[in-house]
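The values are calculated or read from the model by the stated rules, or taken from the named source; none is laboratory data. Source: prediction; values computed, not measured. Using ideal geometry, Cβ is built from the backbone for each residue, glycine included, and neighbour counts are taken over all protein chains shown.
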Amino acid sequence: AVAMEATRIRARHSANGKTSEQMEQPAQWGRAWEVDWLSLIAVLGLLCFAPFIVFYFVMACDQYQCSISQPLFELLQGETTLLSIWARTASFTWSAAKIYSIWVAFQAFLYMYVPDVTHKLIPGYVGGVQDGARTPAGLINKYEINGLQCWLITHALWFANAYYFYWFSPTIIFDNWIPLMWCANILGYTVSTFAFIKAYLFPTNSEDCKFTGNIFYDYMMGIEFNPRIGKWFDFKLFFNGRPGIIAWTLINLSYMAKQQELYGQVTNSMILVNVLQAMYVLDFFWNEAWYLKTIDICHDHFGWYLGWGDCVWLPYLYTLQGLYLVYHPVQLSNPHALAVLLLGLVGYYIFRSTNHQKDLFRRTQGSCSIWGRKPTFIECSYRSADGGIHHSKLLTSGFWGVVRHFNYTGDLMGSLAYCAACGFGHILPYFYIVYMTILLVHRCVRDEHRCSSKYGKDWKRYTNAVPYRLIPGVF
Ligand code: NDP
């Protein structure tokens, strides 16, 4: 993902042909149109290696008790071979294919055919039909926001099955984990390839397509901005926010059930991982309308990066802590558990409050109160691809006056809490914090390139007013 983000920044630079500082007001909204050879190598490398990274972690748990060094060590020592690792790996099964197909079809059904009623029942929740952000071509798409409802129905059914109907074992996900991985890969590649072909043959909005002339880059980063089938089946919202993220909490519940089955008890570390990650997932669904304004939805094109990433990378690598705890049932001391809980809660508070402040500020056009005062901001303007000039504001008070991406800092604190819940016995559960740090630091740099290109010298005024990105005085 990091290389993908770096790739995009490079491509964007060569497309603009000049640095953001050289741009005049109002700034053109920069987009990638050319790909240099370094970007191409990164794209090819990722297309080839990202699936192996996922495989490696899952295989390490399945065959080596979650040791990530042992397989390499044995391979180097000649004690095992790639072929014997492959021979020990569970293969594709039709029963996993059936489970996976039912899962994705059920989520598609909920997404498409069960209009949101939760916003009528739960005060403060924003659901139903909502506007997305303006696309580079100047369009504003409509979305049916019903993610919270889908999550609630799915989990109600999960618990109804576990405690009442007994149609299937709650350990079903863990028990089919590797066969399901093959199915997720099939879907990830199918969706990405379909989106790629669709962009040539029947794009949803040709004005919002981006052809760089390099098929590998286009396949990976996407051509269409908002591919849709019919009026409502939006690829980005569905794949970003449905089969993968809804599964996240179910996968954790399945790991918890497996611990119970194997050891007759559930450890406090497993409960912490389940609770903290469920909070993050629920936050995502509670704020789904807000999510329409985040980078994934309002800046990224839909390609392999989002298609495969949402189907495979997210459900398999974001849930490594729970998987690890099935193999290593860590019971934390009370102070350790309390410290993890506090770190998770404080991180979540910073993450949520920072995001909320920006959302409130943008929704009310600055007519709100941040930390009990009228917000301070910088007025800025930009030009969309249709030549239209638009105005915007950059908040400089509250958390947005402390550093430019305090939401990322909070996210990283929460991520560290998930990892620390697994104790200090192995490196594998710490993959998440390493990955998130690299991802968010790169995302921050990439976003700032985009903003700089979009807002020109207004962005410079903002960075002068708020000089640090993630940690005050450090970075
Ligand atoms: P942000 O929500 O920070 O959005 C960045 C955008 O906000 C900028 O492009 C700009 O957009 C606008 N903006 C920047 N500075 C200001 C300001 N001072 N005032 C007002 N608007 C501003 O980033 P993301 O969309 O990347 O992230 C959203 C959340 O999702 C974060 O909390 C992040 O931690 C989380 N996340 C989680 C991931 C995961 O895998 N778990 C992955 C990625 C993100 P504009 O063009 O509108 O001005």
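Some observations on this one:
- Residue in region 259-276 that is assigned to a loop (DSSP other than H, G, I, E, B), in the same structural domain as residue 315 (by the TED database) and under 21 Å from residue 187 (Cβ atoms) present: no
- The number of residues in region 273-300 being more than 10 Å from the ligand (Cβ to nearest atom) and farther than 29 Å from residue 420 by Cβ comes to 2.
- Considering residues of region 446-458 that are out of contact with any Lys or Arg (no Cβ under 8 Å at 6 or more places or on another chain) and part of a helix (DSSP H, G or I) only, the residue farthest from the ligand (Cβ to nearest atom): 457
- Single match in 469, 461 (criterion: touching a residue at least 24 places away in the same chain (Cβ under 8 Å), in contact with a strand residue (DSSP E or B) (Cβ under 6 Å, 6 or more places away or on another chain) and either acidic (Asp, Glu) or within 13 Å of the ligand (Cβ to nearest atom) (or both)): 461
A quick yes/no check of all residues on (1) closer than 28 Å to residue 391 by Cα; (2) in contact with a Ser or Thr (Cβ under 9 Å, 6 or more places away or on another chain):
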| position | (1), (2) |
| --- | --- |
| 418 | no, no |
| 433 | no, yes |
| 445 | yes, no |
| 452 | yes, yes |
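- Residue match in region 224-243 (condition: of a type in the set (S, T, N, Q), part of a loop (DSSP other than H, G, I, E, B) and crowded, with 20+ Cβ neighbours inside 10 Å): yes
- Scan of region 338-357 for residues that are closer than 18 Å to residue 124 by Cβ and within 9 Å of the ligand (Cβ to nearest atom), ordered by number: 352, 355, 357
- Among the candidates 267, 319, 249, the residue that is at pLDDT 95 or above, within 16 Å of the ligand (Cβ to nearest atom) and over 13 Å from the mean Cα position of the chain (by Cα) is uniquely 249.
Here's the yes/no breakdown for (1) assigned to a helix (DSSP H, G or I); (2) closer than 23 Å to residue 413 by Cα; (3) among the β-branched types (Val, Ile, Thr); (4) not assigned by the TED database to the domain that holds residue 263:
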| residue | (1), (2), (3), (4) |
| --- | --- |
| 302 | no, no, no, no |
| 308 | yes, no, no, no |
| 313 | yes, yes, no, no |
| 316 | yes, yes, no, no |
| 325 | yes, yes, no, no |
| 341 | yes, yes, no, yes |
| 345 | yes, yes, no, yes |
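- For region 363-380, the tally of residues that are touching a residue at least 24 places away in the same chain (Cβ under 8 Å), within 12 Å of the ligand (Cβ to nearest atom) and not in a loop (DSSP other than H, G, I, E, B) stands at 4.
- One residue stands out in region 75-111 among those that are surrounded by 16 or more Cβ atoms within 10 Å (Cβ to Cβ) and more than 20 Å from residue 177 (Cβ to Cβ): the one that is nearest to the chain's Cα centre (by Cα), namely 111.
- Within region 350-362, residues that are modelled with pLDDT under 90 have Cβ atoms under 8 Å from residues that are more than 7 Å from the ligand (Cβ to nearest atom) and in a helix (DSSP H, G or I) in these pairs: 359/290, counting only partners at least 6 apart in sequence or on another chain.
- Some residue of region 361-376 being closer than 20 Å to residue 278 by Cβ, assigned by the TED database to the domain that holds residue 456 and among the charged types (D, E, K, R): no
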